Amino acid sequence: MTEQQAYDALARVMDPEIPTISIVDLGMVDEVRVHASHVDVALLPTFLGCPALDLIEEAVQKAMPGAVVTFRNDPPWSTDRITEAGREALRQFGVAPPEDVVRCPRCGTEEVLSENLFGPTRCRSIYYCPACRAPFEAFKAI
Amino acid sequence: MTEEQLLAAADDELMLGHRDSEWTGLAPHVEADVALSSLAQDEMAHAAALYTLLSPADPDALACGREPTAYRHAPLLEVGGRDFAFSVTRQYLYDIFEEQRIRQFLGSGWPELRAIAERMSREEKYHRMHDRALMAALGDRLQPALNRAWPLALGLFEGTGLAEAEWRAVVVPELTAWGLIVPEAEPVLGRTQHGPDFEELWNDLTGLFRSDPSRHW
């Protein structure tokens, strides 16, 4: 297996809570090392103690049998690591990507109301879009 | 930065996380419920990261396997009961203290601790925004809660090497602006001796772990 093939396999591993975004587009992959016998994958957890880590590890091993997954906190993950494709994938899922100005993922307006800085998962806040007359979630900018 | 100080930090986070989690399903309105549940998860996760740093082989045993007298949290964090105003006020006073503590971690000579502190710091800014919005909205209705929480909050500093004056410089002007009167009180110390609220908390928090310490959760 080449490094490119390993990255291609990882690009098919989706976040368990936001199934439109891959762990590559989330910026979770810190290092990939291809050995003759197996592949080492070092991932950066998005939030400290994120409860989805076990699921992600399992999914990586399914995509790349024999992969050895480790998690590291250094360098610290930040929402700046989410790729442009990843930001689009978040919008597709109805979640506003992390930006200084929160925009409605449906109509794009900045005229939105903050409902709750916290949400259904630790990485998301809740907003309301008066134009769409609907609530939406936004990825916290951390 | 000593291991004892780090253990105190982990215990503070664990106890607050546990107390916040007790509001899940019971907070006065749904948004507060969501927020407190999320705050609880954050504090628990921060505790887990610190316990893992202190005891990489078995963080669960460190978190849940000690006798009550071996815990090092401040008395503020063990207070239970269904007092929402107290919970809001405690969270604010503690989160400002924690901001200072995270700066201390960021200045430590321990790279793994600095990396964790960096992550905590980014998550905690949401805590403070939330705390301040609630404190401002509730204003002087929080006076009885502040009177109760204040001496306990002063006790946070015991043994931490952090300057209370630095914390006061932030919280006193803010509390005053929200229409609250800052009480004059002596700190309630007790990182090494805990009250009846902790007995109940400890039983609840560690009971499952103690029922089978060899099990991996």
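Using a probe of 1.4 angstrom, how much of the accessible area of the protein assembly as shown is carbon and sulfur, in percent?
Values: 8480 of 15920 Å².
Whole-percent figure for carbon plus sulfur exposure: 53.
With contacts defined as alpha carbon pairs under 8 Å and 6 or more residues apart, what's the relative contact order of chain A in percent?
Working: 252 pairs, mean separation 26.1, N = 142.
Relative contact order here is 18 percent.
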- Item | Loop-located trypsin sites (Lys or Arg not before Pro) in region A:1-96 whose Cβ has at most 16 other Cβ within 10 Å (DSSP) | A:ARG12, A:ARG72
- Go through A:35-41, B:30-36 and give me the packing order, highest mean Cβ count within 10 Å leading. B:30-36, A:35-41
- Task: Provide a list, ordered by number, of residues in region B:102-119 showing at least 10 Å² less accessible area with every protein chain present than when their chain is taken on its own, using a 1.4 Å probe.
- Result: B:PRO111, B:ALA115, B:ILE116, B:GLU118, B:ARG119
- Message: Through the Karplus equation 6.51 cos²θ - 1.76 cosθ + 1.60, θ set to phi - 60°, convert the phi angles of region A:20-28 into ³J(HN,Hα) values in whole Hz; use x for Gly and Pro.
- Response: 8, 10, 8, 5, 6, 5, 6, x, 7
- Could you run the numbers on buried accessible area between B and A, total for both chains, 1.4 angstrom probe, in Å² to the nearest 100? 1900
- Item | Cα gyration tensor, region A:94-139 - rounded (a/c under 1.5), prolate or oblate | prolate
- Whole-Å distance linking the alpha carbon centroid of region B:179-208 with that of region B:109-148 is 18
- In debye, nearest 20, what is the charge dipole magnitude of region A:94-139 about its Cα centre with +1 on Lys and Arg Cβ and -1 on Asp and Glu Cβ, if you could check? 200
- Task: Answer rounded, prolate or oblate for the protein assembly as shown, using the Cα gyration tensor with square roots of eigenvalues a ≥ b ≥ c: rounded when a/c is under 1.5, else prolate when a/b is larger than b/c, else oblate.
- Result: oblate
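Report the local net charge at B:GLU112: Lys and Arg +1, Asp and Glu -1, summed over other residues whose C-beta lies under 10 Å from its C-beta.
Values: positive: A:ARG72, B:ARG114; negative: A:ASP74.
Once all neighbours under 10 Å are counted, the net charge is +1.
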- Between A:ASP30 and residues 5 or more places away or on another chain, the pairs with built amide H atoms under 5 Å apart involve A:ALA42, A:LEU43, A:LEU44
- Any chance you could check region B:27-49 for residues losing 50 Å² or more of accessible area when the partner protein chains are in, compared with the chain on its own (1.4 Å probe)? B:GLU31, B:SER38
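What is the magnitude of the charge dipole of chain A about its Cα centre, with +1 placed on the Cβ of each Lys and Arg, -1 on the Cβ of each Asp and Glu, and no other charges, expressed in debye to the nearest 20? Show your work: numbers first, answer last.
On the way: 13 positive and 21 negative charges, 68 e Å.
Dipole size: approximately 320 debye.
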- Item | Tilt relative to chain B, helix B:143-154 - C-alpha long axis, 0 to 90 degrees, to 10 | 50
- Message: Per residue, how large is the accessible surface of region A:3-79? Use a 1.4 angstrom probe and give square angstrom.
- Response: 46
- Which value, in debye to the nearest 20, gives the size of the charge dipole of the protein assembly as shown about its Cα centre, when Lys and Arg are +1 and Asp and Glu are -1 at the Cβ? 560
- Message: With θ taken as phi - 60° and the coefficients 6.51, -1.76 and 1.60, list the Karplus ³J(HN,Hα) couplings across region B:64-74 in order, rounded to whole Hz; mark glycine and proline as x.
- Response: 10, x, 9, 6, x, 5, 8, 7, 10, 6, 7
- Task: Could you do me a favour and compute the accessible area per residue for region B:52-119, 1.4 Å probe, result in Å²?
- Result: 35
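Counting only heavy atoms of the protein chains, get the accessible area per residue of region B:145-211 (1.4 Å probe) and round it to a whole Å² value.
Numbers: 3420 Å² over 67 residues.
Normalised by residue count, the accessible surface of region B:145-211 is 51 Å².
Considering only the other residues whose Cβ falls under 12 Å of the Cβ of A:PRO98, what net charge follows from Lys and Arg at +1 and Asp and Glu at -1?
Working: positive: A:ARG81, A:ARG87, A:ARG91, A:ARG103, A:ARG124, A:LYS140, B:ARG122; negative: A:ASP80, A:GLU99, A:ASP100, A:GLU137.
The answer is +3.
The values are calculated or read from the model by the stated rules, or taken from the named source; none is laboratory data. Predicted, not measured: the structure shown is a model, and the values here were computed from it. Quick reminder, even Gly has a Cβ in these numbers, built from the backbone with ideal geometry, and neighbours come from all protein chains shown. The accessibility values were calculated without ligands, DNA or RNA, using every heavy atom of the protein model including side chains. Shrake-Rupley method; radii C 1.70, N 1.55, O 1.52, S 1.80 Å.
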